[in-house]
Amino acid sequence: MGHNGVNAVLKLGSLSSLIENYPPDNTELNFSFPTVNLLTEMLEHMYGPHGGRGLSLRVGRACFNYGLRQYGTQLGLTEMAFRLLPLPTKLAAGATAFAELFNRYTDQRVRVEQEDGRLLWHIDRCPLCWERKASEPVCHLAVGLLQEALYWVSGGKVFNVEERTCIAAGDQTCTIVIDQSPLY
């Protein structure tokens, strides 16, 4: 997308004040849910539904990598003891720690369940589809974030990660289903 693409998305969303003036990288809640939603909507508007989805997935993957550098040690995810756990244990413990991170440092509300060999990542208060109406799930950035988290936790394995329900589509929660058995 590049520097010019980011600026174009910000202009399209009437967020020109953010050009060369990004929010600080801290835990203060200065970036509102409507702004987050607007940015993901503008990606779809500018690049089309499929292109916007692809970019949102990539942004989510990049967010995990930046977040890991900032919070990995604090969550215990980079500790050798965690890295040596069996994969199913790492997946469950990592998901729980990750959900706690969101609940502690953002206004999102996330909870995790295990059901029939799958993890269910529920977002009860979601910034990605905040006050949005859509005919299908639109929280692609969250899917990309979880895909990259799973790739990292598993040492390079790929998992099926799919958003099944979305508040924007009229559901009670945004629920992302994660198969605990890798595809490869």
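The values are calculated or read from the model by the stated rules, or taken from the named source; none is laboratory data. Keep in mind that this is a model prediction, so the values were computed, not measured. Cβ sites come from the backbone with ideal geometry, for glycine too, and all protein chains shown count toward neighbours.
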Name every residue in the stretch 29-76 that is in a helix (DSSP H, G or I), without any contact (Cβ under 8 Å) to a residue 40 or more places away in the chain and of a type in the set (Phe, Trp, Tyr), in order of residue number. TYR47, TYR66, TYR71
Checked the stretch 83-97 for anything in a helix (DSSP H, G or I) and without any contact (Cβ under 8 Å) to a residue 12 or more places away in the chain; matches are ARG83, THR89, ALA93
With the condition kept exactly as written, say whether any residue in the stretch 15-31 is at pLDDT 90 or above and closer than 23 Å to VAL143 by Cβ. no
Whichever residue in the stretch 141-164 is buried (at least 19 other Cβ atoms within 10 Å of the Cβ) and of a type in the set (Val, Ile, Thr) and, among such residues, is farthest from ASP124 (Cα to Cα): VAL153
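Would you point out which residue out of LEU128, LEU141, LEU119 is hydrophobic (A, V, I, L, M, F, W, C) and in contact with a Gly (Cβ under 6 Å, 6 or more places away or on another chain)? Break it down into steps so the answer makes sense when it comes.
Details: LEU128 fails: in contact with a Gly (Cβ under 6 Å, 6 or more places away or on another chain); LEU119 fails: in contact with a Gly (Cβ under 6 Å, 6 or more places away or on another chain).
Criteria check complete, one pass: LEU141.
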When residues of the stretch 171-184 are limited to those that are touching a Lys or Arg at 6+ places or on another chain (Cβ under 8 Å) and within 19 Å of VAL112 (Cβ to Cβ), the one surrounded by the most Cβ atoms within 10 Å (Cβ to Cβ): ILE176
Restricting the stretch 133-178 to residues that are within 18 Å of LEU57 (Cα to Cα) and of a type in the set (D, E, K, R), which is nearest to the chain's Cα centre (by Cα)? GLU148
Matching residues in the stretch 49-91 - criterion: being of a type in the set (A, V, I, L, M), under 17 Å from the mean Cα position of the chain (by Cα) and surrounded by fewer than 16 Cβ atoms within 10 Å (Cβ to Cβ): ALA62
For the stretch 152-163, pairs from a residue that is more than 18 Å from MET80 (Cβ to Cβ) to a residue that is of a type in the set (Phe, Trp, Tyr) and loosely packed, with under 12 Cβ neighbours inside 10 Å, with Cβ under 9 Å and 6 or more apart or across chains, are LYS157/TYR184; VAL158/TYR184
The stretch 133-165, subset outside any helix (DSSP H, G or I) and of a type in the set (Gly, Ala, Ser), residue nearest to ALA95 (Cα to Cα): SER154
Please verify whether ALA168 is in contact with a Lys or Arg (Cβ under 8 Å, 6 or more places away or on another chain), assigned to a helix (DSSP H, G or I) and under 20 Å from LEU87 (Cα atoms), treating the condition exactly as stated. no
